[in-house]
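Colleague: Attaching a single structure in structure tokens format; questions to follow.
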Amino acid sequence: MYPRKDRKDARRQVRGRVRGRVEGTPERPRLAVYRSLKHIYVQAIDDAAGKTVAAASTADKECRAQLGGHGGNVAAAQVVGKAIAARLLAAGVKLAVFDRGGYRYHGRIKALADAAREGGLQF
């Protein structure tokens, strides 16, 4: 029998494949998403310079004030998506590349991406 892979190893493999294809530039940074049980985090990364252009999460004071509670749901992901869109537009960036981080494009990940698009980002 083959050894059973746990979820973290499977996600690492998928994440590696995604990162092989997706790269952020100054004009089009990579929106990297990390999802935990309690929070969701997103960073806009310029891989060429190795710098973070903007970031937002449910742990931020601004986003937490809008949520008023649990940060691990779809509503929280929508708030974070709109926040990252506003911060990138303020930095003069309209285009981005979405890096789902090995997670399925479903639920909170999809809600974050849709809210960022509603906020004015294009990807």
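Colleague: Using a 1.4 Å probe and ignoring any ligands, DNA or RNA, find the accessible area of ARG35 and quote it in Å² to the nearest 10.
Modeller: About 90 Å², ignoring ligands and nucleic acids.
Colleague: Non-local amide H neighbours of HIS39 (under 5 Å, H modeled in plane, Pro and chain starts lacking H): which ones?
Modeller: Those lying under 5 Å, H to H, from HIS39: there are none.
Colleague: Next question. Leaving out ligands and nucleic acids, note down the accessible area per residue over the range 11-123 with a 1.4 angstrom probe, in whole Å².
Modeller: 55 Å²
Colleague: Oh, and also: Could you compute the net charge surrounding GLY81? Neighbours are other residues with a C-beta less than 12 Å from the C-beta of GLY81; K and R count +1, D and E count -1.
Modeller: Local net charge: +3.
Colleague: Moving on to the next point. Give me the percent of the accessible area of the chain that comes from carbon and sulfur atoms, probe 1.4 Å, all protein chains in place.
Modeller: Roughly 50 percent of what the probe reaches on the chain is carbon or sulfur.
Colleague: Quick one: dipole size for the range 5-123, taken about the Cα centre, charges +1 on Lys/Arg Cβ and -1 on Asp/Glu Cβ, in debye to the nearest 20.
Modeller: Using only the charged Cβ atoms, the result is roughly 520 debye.
Colleague: At 1.4 Å probe size, what's the solvent-accessible area of TYR103? Round to the nearest 10 Å².
Modeller: Only protein atoms counted, so the area is about 20 Å².
Colleague: Something else now. Can you sort LEU121, LEU95 by solvent-accessible area, 1.4 Å probe, largest first?
Modeller: LEU95, LEU121
Colleague: Any idea of THR52's accessible area? Nearest 10 Å², probe 1.4 Å.
Modeller: Rounded to the nearest 10, the figure is 80 Å².
Colleague: Ranked by accessible surface with a 1.4 Å probe, highest first, in what order do ASP99, ASP114 come?
Modeller: Listed by decreasing accessible area, they come as ASP114, ASP99.
The values are calculated or read from the model by the stated rules, or taken from the named source; none is laboratory data. Computed from a predicted structure; not experimentally measured. Note: ideal-geometry Cβ built from the backbone for every residue, glycine included; neighbour counts use all protein chains shown. Accessible surface is based on the protein model in full, side chains and every heavy atom, while ligands, DNA and RNA are left aside. Shrake-Rupley method; radii C 1.70, N 1.55, O 1.52, S 1.80 Å.
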